[in-house]
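> A single structure is presented below for examination.
The values are calculated or read from the model by the stated rules, or taken from the named source; none is laboratory data. Because the structure is predicted, anything quoted here is derived from the model rather than measured. Cβ coordinates were reconstructed from backbone atoms using ideal geometry, including for glycine residues, and neighbour counts include every protein chain displayed.
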Amino acid sequence: MREIVFDTETTGLNPDHIDPAQCDRIVEVGCIELFNYLPTGREFQMYINPGRPVSEATVRITGITNDTLRGKPSFEQVVDKLMDFFGDAQIVAHNAEFDRGFLNAELARLGRPTLPKERFVDTLVLAREHRPGSPASLDAVCKRFDISIKDRVLHGALLDAQLLAMAYLELRGGRERKFEFANSGAGSGRAAHVIYAPRLPRPAPLPSRVHPEEEAAHAAFVGGLGENAVWKTYS
């Protein structure tokens, strides 16, 4: 089963402002390809020139500035590569409606078909189902599963997608599922059958390692326990 873990960074929070010039836009996309919940090693990351300034909050959270995006391609210039990477795979995102909303706003501006909600797996929902009432941000989920975020000073679409891929595996079964696919045939999606060689009987029993003195001492001890001693049942 092929899936794509997807994350975006944006100029702000509103992709559908009444004034088109004020609509927030995508400035970075990051994707991780999964097969049977495990990363394949294929990744996709691009910075995108939004055609408008980034917010102070974006700079503070991501480190992405207007200078970072100067000369970068527009969404129209990268959309075909992004859609090709998606293919027909299901898309995994944390708070998926946020990322889907921005992606669909960009697609709609280009007159392209938008992506339905059913195409997305929302790990925010999975995290809340996994532990109701607990914090369910990506940072909180990483902390829940001991996924290290200590070296992450700034958010980035590809880095967050990498963290989410690890968290998603845990939410789908974690170590047990990792073991299952580690023992599966390449690309088969099925756990392999382990066949053990039959054990042949020894040609002669091994000699006892109990010394005669130890055996006599044990028999004397058991004899003093009375007729109903449990030891006598197994002697």
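> If a residue has to be in contact with a strand residue (DSSP E or B) (Cβ under 7 Å, 6 or more places away or on another chain) and at pLDDT below 90 to count, how many in region 156-177 make the cut?
0
> Restricting attention to region 206-235, report how many residues are part of a helix (DSSP H, G or I), at pLDDT 75 or above and surrounded by 10 or more Cβ atoms within 10 Å (Cβ to Cβ). Can you show your working first?
Kept after step one, since they are part of a helix (DSSP H, G or I), are these residues of region 206-235: 212-223, 230-233.
From what is left, the residues that are at pLDDT 75 or above are 212-223.
If we keep only those that are surrounded by 10 or more Cβ atoms within 10 Å (Cβ to Cβ) as well, we get 214-219, 221-223.
Residues meeting the conditions: 9.
> Out of the residues in region 34-91 that are of a type in the set (S, T, Y) and in contact with a Lys or Arg (Cβ under 6 Å, 6 or more places away or on another chain), which is modelled with the lowest pLDDT? Write out each step before concluding.
Kept after step one, since they are of a type in the set (S, T, Y), are these residues of region 34-91: 37, 40, 47, 55, 58, 62, 65, 68, 74.
The next check asks that each one be in contact with a Lys or Arg (Cβ under 6 Å, 6 or more places away or on another chain); those that pass are 37, 47.
Values: Y37: 93, Y47: 97.
Step by step, filter region 34-91, then rank; the result is Y37.
> Now for a different question. Any residue at all in region 36-44 that is hydroxyl-bearing (S, T, Y), over 18 Å from R112 (Cβ atoms) and touching a His at 6+ places or on another chain (Cβ under 8 Å)?
So in region 36-44, the residues hydroxyl-bearing (S, T, Y) come out as 37, 40.
Going one step further and asking which of them are over 18 Å from R112 (Cβ atoms), we end up with 37, 40.
Adding the requirement that they be touching a His at 6+ places or on another chain (Cβ under 8 Å) leaves none.
Within region 36-44, not a single residue is hydroxyl-bearing (S, T, Y), over 18 Å from R112 (Cβ atoms) and touching a His at 6+ places or on another chain (Cβ under 8 Å).
> Something else: Could you check, for region 118-130, whether at least one of its residues is outside any loop (DSSP other than H, G, I, E, B), over 19 Å from I32 (Cα atoms), at pLDDT below 95 and basic (K, R)?
No: region 118-130 contains no residue that is outside any loop (DSSP other than H, G, I, E, B), over 19 Å from I32 (Cα atoms), at pLDDT below 95 and basic (K, R).
> Hey, another quick one. Suppose the filter is part of a strand (DSSP E or B), surrounded by fewer than 21 Cβ atoms within 10 Å (Cβ to Cβ) and in contact (Cβ under 8 Å) with a residue 40 or more places away in the chain; does P53 pass it? Give the derivation first.
Working: part of a strand (DSSP E or B): no; surrounded by fewer than 21 Cβ atoms within 10 Å (Cβ to Cβ): yes; in contact (Cβ under 8 Å) with a residue 40 or more places away in the chain: yes.
No; evaluated as a whole, the condition is false for this residue.
> From the list T58, T114, T68, pick out the single residue that is of a type in the set (V, I, T) and assigned to a loop (DSSP other than H, G, I, E, B). Walk me through it before giving the result.
Values: T58 fails: assigned to a loop (DSSP other than H, G, I, E, B); T68 fails: assigned to a loop (DSSP other than H, G, I, E, B).
After ruling out the rest, the residue left standing is T114.
> Let me ask something else about it. Just the residues that are assigned to a helix (DSSP H, G or I) and over 23 Å from V141 (Cα atoms), please, taken from region 74-101.
Here is the first cut: in region 74-101, the ones assigned to a helix (DSSP H, G or I) are 75-86, 96-101.
F75, E76, Q77, V78, V79, D80, K81, L82, M83, D84, F85, F86 - these are the residues of region 74-101 that are assigned to a helix (DSSP H, G or I) and over 23 Å from V141 (Cα atoms).
> Restricting region 62-90 to residues that are in contact with a Leu (Cβ under 7 Å, 6 or more places away or on another chain) and of a type outside the set (G, A, S), which is surrounded by the most Cβ atoms within 10 Å (Cβ to Cβ)? Reasoning before the result, please.
At the first step, the residues of region 62-90 found to be in contact with a Leu (Cβ under 7 Å, 6 or more places away or on another chain) are 62-63, 76, 79.
Applying the additional criterion that residues be of a type outside the set (G, A, S) yields 62, 76, 79.
Working: T62: 20, E76: 12, V79: 18.
Among those residues, the one meeting the criterion is T62.
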